[in-house]
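A.B. asks: Before anything else, here's the structure in question.
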Amino acid sequence: MTGHPVPPPSHFTVPSIARVQDYLADGMDNYLVDRELGEILLTVAPWLPVSVRANRAHHQRVLDCFTRELGIDQVIDLGCGLPHDGNRTLPDAVRRIVYVDSDWGVEAHARMVLVERTGTASLLGDLADMPALLAAEPISRLDRGRPIGVLLHDVLPWVDDDTARTAVAALHDWLPPGSVLSLTHATDDVDRKGQMARLSEIYETGGITFRPRTREVIEAWLGSWTHLGHGGLVSTAAWQPPSCGAARPPVMHAPLDRSHAYAVLAMTGDRIT
Ligand SMILES: C[S@@+](CC[C@H](N)C(=O)[O-])C[C@H]1O[C@@H](n2cnc3c(N)ncnc32)[C@H](O)[C@@H]1O
């Protein structure tokens with residue numbers, strides 16, 4: 001779990017998922033290879049920027065929920081992606097946050113940009129090796145005597161089934177009781193035009209495997225967790241914090257909700273009400 005002293009040779013020549021997403025969200029941290037792939041993706045799914053922005057807005061709402069509603073002030077952001085600037089505001093109540101990514105450039109960027117914010121740290125780590133990731137500093141220095149919040153936002157579609165399932169299980173076993181996982185995941189459950197399949201084909205031309213998954217698959221990973229809030233997966237744009245108390249929102253509205261992703265909040269241990 002040590003950082004590369006220099007970028008891997010492919011860093012500037014093959015697209016990176018974090019930089020492609022950055023391009024789709026009008027960011028500045030991307031290269032020509034990322035922009036070229038992004039442009040092809042947009043020909044199939046012009047709604048992609050809306051989807052990326054919905055996911056980012058969700059990130060902020062979940063951090064607010066962790067701190068204000070659930071009293072959680074230490075967070076691990078797994079597959080944190082880009083950017084790490086003013087576009088993402090960290091609530092003051094987050095006392096400790098560890099940004100983790102397997103992309104050399106993302107971790108290096110996080111390390112440089114975040115160094116001035118007290119309580120932040122970064123780690124080059126891979127979900128494919130959860131035991132090593134969870135044992136590495138600075139994660140090993142988190143206080144496991146108190147609940148920890150984990151963000152796993154739009155990361156699992158980029159890893160294989162076995163890695164996704166074992167990562168969620170490893171988190172459940174490692175986290176202290178009362179910890180909360182916030183998971184978002186792209187889905188093709190509502191994909192009448194076959195756009196998600198086309199997106200997967202295009203990503204593959206850039207060497208990136210994109211796996212939208214069904215509600216059933218994602219729910220199966222969460223069998224040992226206690227759902228919070230509306231009690232299950234909802235579309236990311238329709239997600240509400242547990243305190244909202246509203247009726248369960250619609251599961252997925254394709255024309256209204258361009259997130260094309262599910263969101264869920266799940267806790268280790270029994271729910272305390
Ligand atoms: C689509 S971005 C999502 C970024 C951010 N979580 C968000 O919601 O905007 C996916 C991120 O997951 C990272 N990632 C992909 N596979 C990973 C793995 N096996 N371990 C850790 N990070 C991974 C990528 O490098 C990328 O930064």
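The values are calculated or read from the model by the stated rules, or taken from the named source; none is laboratory data. Predicted model, so just to flag it, every value in this text is computed and none were measured. When we count neighbours, we look across all protein chains shown, and the Cβ atoms used for this are built from the backbone with ideal geometry, even at glycine.
A.B. asks: Could you say which residue among T166, T184 is part of a strand (DSSP E or B) and not small (G, A, S)?
C.D. replies: Of T166, T184, the one residue that is part of a strand (DSSP E or B) and not small (G, A, S) is T184.
A.B. asks: Let me ask something else about it. Of all residues in the stretch 138-160, count the ones that are among the small types (G, A, S) and touching a residue at least 12 places away in the same chain (Cβ under 8 Å).
C.D. replies: 2
A.B. asks: Continuing with the same structure: Working only within the stretch 197-224, note down all residues that are hydrophobic (A, V, I, L, M, F, W, C) and crowded, with 20+ Cβ neighbours inside 10 Å.
C.D. replies: L199, I218, W221
A.B. asks: Same structure again: Within the stretch 67-76, count every residue that is at pLDDT 95 or above and either of a type in the set (S, T, N, Q) or within 15 Å of the ligand (Cβ to nearest atom) (or both).
C.D. replies: The qualifying residues number 3.
A.B. asks: Give me the pairs: first residue in the stretch 161-186 and touching a residue at least 40 places away in the same chain (Cβ under 8 Å) and buried (at least 16 other Cβ atoms within 10 Å of the Cβ), second residue in a strand (DSSP E or B) and hydroxyl-bearing (S, T, Y), beta-carbon distance under 7 Å, and six or more apart or on different chains, which are they?
C.D. replies: T184/Y262; H185/Y262
A.B. asks: Assess whether G81 counts as being within 15 Å of the ligand (Cβ to nearest atom) and on the phi > 0 side of the Ramachandran plot.
C.D. replies: yes
A.B. asks: Then there is this: How about the stretch 107-137: which of its residues are modelled with pLDDT under 95, over 19 Å from the mean Cα position of the chain (by Cα) and outside any helix (DSSP H, G or I)?
C.D. replies: Hits for the stretch 107-137 are V115, E116, R117, T118, G119, E137.
A.B. asks: T163 passes all but one of (1) within 15 Å of the ligand (Cβ to nearest atom); (2) among the hydroxyl-bearing types (S, T, Y); (3) under 21 Å from A132 (Cβ atoms); (4) over 15 Å from the mean Cα position of the chain (by Cα); which number fails?
C.D. replies: Going through the list (1) within 15 Å of the ligand (Cβ to nearest atom); (2) among the hydroxyl-bearing types (S, T, Y); (3) under 21 Å from A132 (Cβ atoms); (4) over 15 Å from the mean Cα position of the chain (by Cα), T163 breaks only (4).
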